[in-house]
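Below is one structure, written out as structure tokens; comments come after it.
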Amino acid sequence: MVKAIALSLLVVLVIIAGATVAAGAYVLSAGVGTVQVRTTGPEAVDLYLPVPVGLVDLGLSVASFAVPEEELAQLRHEMEDWPPLLESVTRELARCPDGTLVEVHTRDEKVLIVKDRGRLKIDVDAPDARVRVSLPARSLVRIGRKLDDLVDL
Amino acid sequence: MKFKNVAPLVLTALLVFAPLGFSPAFAASSNRWFHVQVNEGGHDPVEVTVNLPLQLIETALEVLPEDISREVQIELDDAGFTVKELRRLWQEVRQSDDATFVTVKSEDETVEVSKSGDYFLAKTVESRDGGAQVDVKFPLEVVDALFSGSEEELDLAAAIRALADYEGSVVTVHDDETRVRVWVDGKNKIE
């Protein structure tokens, strides 16, 4: 009897562990984006946030049945024809060769958008803030596709 | 050919190509890049560089939202032209020999539109000191591709595909404070 209970518990634990590993693998398979924000001033912020892109993916999947229908309808109306464009652009961004895509310099600010070794990097430098965003380029494709699916429902 | 008939052609071409570097068939060659460089001096200097693979622009144009396509149509309507009329005008230009079609000199500027070799050229020079000079140079094949679509539509994606075979400047603008250059080549950065 005790043996049967112990065995059952073991099976449940293995299932839970397996599901956790699978979920983690799914979330991490989309890669990890990073966001770093540093501001100056009296309410200075120094933030570094790694974001598993798979979570964004999951979130968009859940949104289709978790978000109220009228809000989804509003979203679809506002986005209209844009999702195919987003999906196409993100797909091409993931495929295109490395390079500096956009660079802006003014007297006080600098913005850089670069594709580098499979990652899309956005750097913003201003007198009172520094922002660094880095995303796996392939993750943009998944997000673009998810948005397209969400709007198409 | 009067200037007022040709100006919409030039305006359309500028309208099509100027925003392409910012605002997506088979793809253009993946190693062709569209570059925009802006250097503005003065009190608040600005430098902007945009480098985009032509393939990305072509793909985006294939699925351009209708409201963007409508904007192009509205601009043409404001100029008093339909795509059909512009296409007919272009066919006349295409079949003609190299020539300067239009030269307009006013108090403020001089505008010249011509065809030379494989290119359609437009040049505008402002009369004032330090005034802007705009040079537009489109390969004839690119404009052919632009008009290769349906009767009432411009085929922007086809124009980008045709641009992949070209290397060099498409638009340059300069005055005493600003330099703008739009060009195509095979490099993923500006050297």
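The residue that is surrounded by the most Cβ atoms within 10 Å (Cβ to Cβ), counting only those in the stretch B:43-65 that are more than 7 Å from every other protein chain (Cβ to nearest Cβ) and touching a strand residue (DSSP E or B) at 6+ places or on another chain (Cβ under 7 Å), is B:57. The listed residues are B:163, B:156, and the only one of them that is among the aliphatic types (A, V, I, L, M), within 18 Å of residue B:33 (Cα to Cα) and open to solvent by 10 Å² or more (accessible area, probe 1.4 Å) turns out to be B:156.
State yes or no: is residue B:11 at pLDDT below 70, of a type in the set (A, V, I, L, M), open to solvent by 50 Å² or more (accessible area, probe 1.4 Å) and outside any loop (DSSP other than H, G, I, E, B)? For residue B:11, the condition - at pLDDT below 70, of a type in the set (A, V, I, L, M), open to solvent by 50 Å² or more (accessible area, probe 1.4 Å) and outside any loop (DSSP other than H, G, I, E, B) - is met. Restricting the search to strands (runs of 3 or more DSSP E) fully inside the stretch B:66-135 and requiring at least 3 residues that are surrounded by fewer than 16 Cβ atoms within 10 Å (Cβ to Cβ) gives B:99-105.
Here residue B:112 clears all of (1) more than 26 Å from residue B:77 (Cα to Cα); (2) modelled with pLDDT of 90 or more except the condition numbered (1). Scanning the stretch A:45-55 for residues that are among the hydrophobic types (A, V, I, L, M, F, W, C) and open to solvent by 60 Å² or more (accessible area, probe 1.4 Å), we see that the one that is farthest from residue A:31 (Cα to Cα) is A:45. Only residues that are within 11 Å of chain A (Cβ to nearest Cβ) and among the polar types (S, T, N, Q) were counted in the stretch B:66-94, giving 1. Residues in the stretch A:64-119 that are in contact with a Ser or Thr (Cβ under 9 Å, 6 or more places away or on another chain) and away from chain B (no Cβ under 13 Å): A:72, A:119.
The values are calculated or read from the model by the stated rules, or taken from the named source; none is laboratory data. These figures come from a predicted structure and were not determined experimentally. For neighbour counting, all protein chains shown are included, and Cβ atoms are generated from backbone atoms with ideal geometry for every residue, glycine included. These accessible areas exclude ligands, DNA and RNA; they are computed on the full protein's heavy atoms, side chains included. Shrake-Rupley method; radii C 1.70, N 1.55, O 1.52, S 1.80 Å.
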